[in-house]
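The values are calculated or read from the model by the stated rules, or taken from the named source; none is laboratory data. Computed from a predicted structure; not experimentally measured. Every residue, glycine as well, gets a Cβ built from its backbone with ideal geometry; the counts of neighbours run over all protein chains shown. Note: accessible area is taken over every heavy atom of the protein model, side chains too, but ligands, DNA and RNA are not part of it. Shrake-Rupley method; radii C 1.70, N 1.55, O 1.52, S 1.80 Å.
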Amino acid sequence: MGILTLPIELLDRVLLQVDELRDIAACSQTCTTLRVLVHGPHAAQLWRNLYLRELDDPRTTTTDDDDPPPNSKPEPKPEPKSSTSVVAVAPVDWRVKLQRIHRARAVLQSTKVAPADLDAEERRMTFATLVELTLSAAPVDHTAIHGLRFSANTYWIDVALRLKGPDAAATPSLDLPGAYFLHPLVLDESLPATEAGNAPDIQAMFKFQSIIGIPAGLTAIDKLAVRRAARLFVYDEDNYRYLPAAERRDHASGAMSTSDEFGPFLDGGAVNWRAIFYNIVIVWMCCPTADALPPHGIECWRPALNVPHDLPHDWAGIEGIWLFYTIIPDPNDIFRFNFPSTSTSGEKLSRTPDVFHSSSFEDTMTVVEFVYRLVAPGSDEWHRIGHVPEGGHINGLGGATEIPPLAPDEQELPELRFTGRGRVALVLDGRVWRRADGIIRWTIWTRTPDDRLGWLSQGIQLGDMKSEAGVIGQWMTNPMNNGLGPFWAFRTSRLAPHMRADPSWLPPEDRLGQALA
């Protein structure tokens, strides 16, 4: 009895035992029956089973049970029912999706073809596929018996990054830097930032690099090179915009848009992943030890469900104890870099990277612990946070000017506002919202005791809702104050009921020093 006499269900099971897709493709070329089984109109179940045997189910995503429909006016509700749930999303083309993933793995593990050698479209597809695989990883569910800590997606990427070559299964490499990391654009020191760095393929590459962090095993020369490139980009004021309010108004509706603000963003409000990665580099290399690094890596980008002690409407996981890492360069060096002198003939001299090549240049890192607390919508404090402090500057707004409301497509989830206090003189205020493209945006600023702006920061959530990786972006003092740099903030613990019940509760004074010792 030949194999083709077996029922279709058993043939499917046989094919599921085949490890490599190329072997399944070869099998489909042997006869019409197997070709129809693999590529025919009823092959979707086979490809779905092939996908799910090694990866998370991409048909589910995290969302809020009580989200108002997009572009609709939210109605008042007495109490949200729950914070998050799992809902169905669009149908999946299992065969195409799995083939793209295996092609991306082949690029990562190739010893002959580096991503830098690919054409732009294939490079974009490779890294966009890896990014999508990361962001569709199963969430961490705190209501599971042992907590849903395992994700097949993140495990798959971790294995793919650690193995290289045709005999990858037998030759793991724990310090594989990845050929893509040494792409010329990663080490680009051109001034200002090249337009090529905003191309979709390069943005996808930087986004994936931001997810996995700085690879182990880099040489000292490579570390210095990428650090110089990061400084030249992050401290260049030409990479940021300070749009006056008149340029931000939608002339059709008259509404103010929040999509073009100071921070790591491209025109139109999309995230500039090159800026995000360089911020990660600077913070990373300012940390004195590995233990002091913020949460990083693909596991830390996973969203979290049903987090204990979080309030039902706190979809962003705001309330809790946060560490705020701020990188402060010497303002004199930033001024010298951004405002070079003129020649004897009066011609403005071009900028050079010499400022950052000097051994005397240092990025100073400060770490402050804050307790974040949500502010009730409609309360006096809610309206106070809705105004820029005196002396503030947000896209031309200043002097207690009201912050413009969110655009209709940014109201998928209700805006959250919060205040933070620590054992410092500054008080921290902020707002969080989710854009239509799924990016969670944070605006955070500090107030001095006389209610003036200390500094303003714009950032994004790394990953999805309540991810451990936290928020990263840029801070500034004022467009002409020569103060700017990266920040990275992340939640270290949630507020227990007894902490929430005491509005003045703060951690012990020596707690932060012990944690970083």
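One residue is enough: does the stretch 356-368 have a residue meeting the conditions in contact with a helix residue (DSSP H, G or I) (Cβ under 6 Å, 6 or more places away or on another chain), more than 24 Å from residue 420 (Cβ to Cβ), open to solvent by 10 Å² or more (accessible area, probe 1.4 Å) and assigned to a helix (DSSP H, G or I)?
Checked the stretch 356-368: no residue is in contact with a helix residue (DSSP H, G or I) (Cβ under 6 Å, 6 or more places away or on another chain), more than 24 Å from residue 420 (Cβ to Cβ), open to solvent by 10 Å² or more (accessible area, probe 1.4 Å) and assigned to a helix (DSSP H, G or I).
Would you confirm, using the coordinates I've provided, whether residue 402 is acidic (Asp, Glu), at pLDDT below 80, open to solvent by 30 Å² or more (accessible area, probe 1.4 Å) and within 29 Å of the chain's Cα centre (by Cα)?
Yes, satisfied.
Determine which single condition residue 463 fails, assuming it passes every other condition in (1) open to solvent by less than 40 Å² (accessible area, probe 1.4 Å); (2) within 30 Å of residue 136 (Cα to Cα); (3) at pLDDT below 85.
Among (1) open to solvent by less than 40 Å² (accessible area, probe 1.4 Å); (2) within 30 Å of residue 136 (Cα to Cα); (3) at pLDDT below 85, the lone unmet condition for residue 463 is (3).
Identify all residues within the stretch 421-480 that are small (Gly, Ala, Ser) and touching a strand residue (DSSP E or B) at 6+ places or on another chain (Cβ under 7 Å); write none if there are none.
Of everything in the stretch 421-480, those that are small (Gly, Ala, Ser) and touching a strand residue (DSSP E or B) at 6+ places or on another chain (Cβ under 7 Å) turn out to be 422, 430, 454, 457, 459, 467, 469, 470, 473.
What pairs can you find where one residue is in the stretch 320-341 and on the phi < 0 side of the Ramachandran plot and open to solvent by less than 30 Å² (accessible area, probe 1.4 Å), the other is of a type in the set (Gly, Ala, Ser) and assigned to a loop (DSSP other than H, G, I, E, B), and their Cβ atoms are less than 7 Å apart, with a gap of 6+ or different chains?
Pairs that qualify, where the first residue is on the phi < 0 side of the Ramachandran plot and open to solvent by less than 30 Å² (accessible area, probe 1.4 Å) and the partner is of a type in the set (Gly, Ala, Ser) and assigned to a loop (DSSP other than H, G, I, E, B), are 340/350.
Going by the conditions given, is residue 428 open to solvent by less than 10 Å² (accessible area, probe 1.4 Å), modelled with pLDDT of 80 or more and farther than 25 Å from residue 293 by Cα?
No: the conditions fail for residue 428.
Of the conditions (1) modelled with pLDDT of 90 or more; (2) buried (at least 24 other Cβ atoms within 10 Å of the Cβ); (3) of a type outside the set (Phe, Trp, Tyr), residue 457 fails just one. Which one is it?
Here residue 457 meets the rest and fails (1).
Being in a loop (DSSP other than H, G, I, E, B), more than 23 Å from residue 486 (Cβ to Cβ) and of a type outside the set (A, V, I, L, M, F, W, C): is that true of residue 313 here?
yes
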